[in-house]
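One structure below.
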Amino acid sequence: HLSKAEVDGYIEGADEDWFTLALNAGERVQITAWRTSEDLNPHLTLFFDPNENSVAANQTGAPENNARIEDYVAEQTGTHYLKVKRQSNTGNYLVQFLKHSGDFLWETDDSGINGNIANAEWMEAYGGAPTTSVTSTAYLG
């Protein structure tokens, strides 16, 4: 099962934006902070508890110096906390949160090899084999 949520915001100076995520042990998440204006270079940190014990962080894991926490698997069930801050500069951002509760193949090749229709890659969902039939759609930026 794939779930998606998005939220936008603006960061300047020492500003930090915080969000809560309910995760069950074993669920996989991909969280991306996309710069949507100006020159913001976002930074993401994911925590499991309110004592700010980090479980994942990233500042340049997505294309064009956007931030991505890729394929994080929750070790414990409970509330997780996401902090969005600026690595540098100021601007608007969009955080995209994808959660999957089973085996799943994320897009991990941002090199542009599959960046056009001639080089499209098969999508494998729910741990299955490549298929030409689509039963649901999702944007996996």
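The values are calculated or read from the model by the stated rules, or taken from the named source; none is laboratory data. Everything quoted here is computed from the prediction, not taken from an experiment. Don't worry about glycine lacking a Cβ; one is built from the backbone with ideal geometry, like all the others, and counts go over all protein chains shown. Side chains included, ligands, DNA and RNA excluded: accessible areas come from the protein's heavy atoms. Shrake-Rupley method; radii C 1.70, N 1.55, O 1.52, S 1.80 Å.
Checking each residue in segment 43-69 for being surrounded by fewer than 19 Cβ atoms within 10 Å (Cβ to Cβ) and over 22 Å from Thr79 (Cα atoms) picks out Thr60, Pro63, Glu64, Asn65. Among residues of segment 33-47 that are over 10 Å from Thr90 (Cβ atoms) and of a type in the set (Lys, Arg), those with a Cβ under 8 angstrom from a residue that is part of a strand (DSSP E or B) and open to solvent by 20 Å² or more (accessible area, probe 1.4 Å), sequence gap 6+ or separate chain, pair up as Arg35/Asn41; Arg35/Asn92.
When the residues of segment 1-42 are filtered to those that are over 17 Å from Pro63 (Cβ atoms), among the charged types (D, E, K, R) and in a loop (DSSP other than H, G, I, E, B), the one that is least open to solvent (accessible area, probe 1.4 Å) is Glu27. Could you check segment 79-93 and list, in sequence order, the residues that are among the small types (Gly, Ala, Ser) and over 16 Å from Val7 (Cα atoms)? The answer is Ser88, and nothing else.
The number of residues in segment 82-101 that are more than 18 Å from Arg28 (Cβ to Cβ) and open to solvent by 20 Å² or more (accessible area, probe 1.4 Å) comes to 9. Looking across segment 59-75, the residues that are closer than 22 Å to Ala25 by Cβ and over 10 Å from the mean Cα position of the chain (by Cα) come down to Val73, Ala74, Glu75.
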